[in-house]
Every structure is written in C-alpha cells, then in structure tokens.
Amino acid sequence: MNKMQRNSDGTHGTDHGAGGPGPYLMGAHTLTGDAVLNRQGEVLGDIKEIMLNVKTGQVAYAVLAFGGFMTMGEKLFAVPWRALVLDPANKGFVLNVTKERFANAPGFDKDAWPDMANPAWASTVHTFYGTDVSVD
C-alpha cells in the first residue's frame, strides 16, 4: 500500500498489536460525524472538527456537537483527544463522563470559538476531563 492508497473506510493500514484495537492511521475526515458515547451507551455528541497542534503535529482536541436541530441551538465542546477512547466495533469513541456532567462541560457557540491557544482556557478544559494540559 503506497501513501496515496487507503482502505475503503479511510484507514491507512491496521494496528498490528502496537497500541490497541482499530486502525493504525485514519484520515481525519473519516472521523468527523462519528458518535461519541459515554460508558453507559448514551450519545454525548458527534465529532464536528479535529483540532491539530501544528507545532507538535499531534491531535489536540475533537470538537463535539450536541443538541439543537439542524445545527441551530447546537453547542460545541472541545474534548482533549486523550480523553477519547476509540471504539472500532461501533465506529465511534467513548468518553468517560456521564451525560449530566457533560451538560456542564465548558462549551461554546459555533459562531464564538474560544482561543484554544490560551493557557487558561486549555487548563479549564483539561481539568474538566482529567487530562494533562502540559502534554499539548
């Protein structure tokens, strides 16, 4: 498989025991629209955007959308990538947070994105999800 070839599902190869289930590499566009559920099986939202840290080359956040109708009234949430667990069997992700707690997560409106490079904002988000901000 050369670098221009990919599997029909958007993946680039498979994981050969080097870090868990699922594909080794995936195109970011194949992840948008994927559902994010909690451990109780409740839908928390779907992935609208993947945010990259250009300096490190790492995925920093998945932006989830929840609520509303046809994007009207929808609220967005930047979830640290490390807080998500791939669920390849269901073609989505699991986030270890209850629906009630997630309703109080730091979020934003689609027309008023936060400054994600602001350390105070990042600290608030990482503290909420229990991830380490210093790794980004």
**Asked** For the stretch 112-120, what does the Karplus curve 6.51 cos²θ - 1.76 cosθ + 1.60, with θ = phi - 60°, yield as ³J(HN,Hα) per residue in whole Hz, taken in order and with x for Gly and Pro?
**Response** 9, 5, x, 7, 5, 8, 6, x, 5
**Message:** List residues of the stretch 36-56, by number, whose backbone nitrogen lies under 18 Å from a label position 7 Å along Cα→C-beta of THR98.
**Reply:** 37-45
**Asked** So what's the gap between the Cα centers of the stretch 30-64 and the stretch 67-127, to the nearest angstrom?
**Response** 8
**Asked** Do any trypsin sites (Lys or Arg not before Pro) in the stretch 24-61 lie in a loop, going by DSSP, with at most 12 other beta-carbon atoms within 10 Å of their beta carbon, and if so which?
**Response** ARG39, LYS55
**Fill in**
The set of residues whose placed amide H lies less than 5 Å from the amide H of ALA60, leaving out same-chain residues fewer than 5 positions away, is MET51, LEU52, ASN53
**Asked** Using 0.36 nm per residue, how much length does the chain from MET116 to ALA35 gain when fully extended, once their Cα-Cα distance is taken away?
**Response** 26.9 nm
**Request:** Apply the Kirkwood formula to the stretch 46-109: the hydrodynamic radius equals the inverse of the mean of 1/r over all pairs of different alpha-carbon atoms; give it in Å with one decimal.
**Result:** 12.7
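Laboratory data are not the source of any read-out in this text; all were calculated from the coordinates shown. Computed from a prediction, not measured in an experiment: that's the story for all the values here. With ideal geometry, Cβ positions are generated from the backbone for all residues, glycine too; neighbour counts draw on all protein chains shown.
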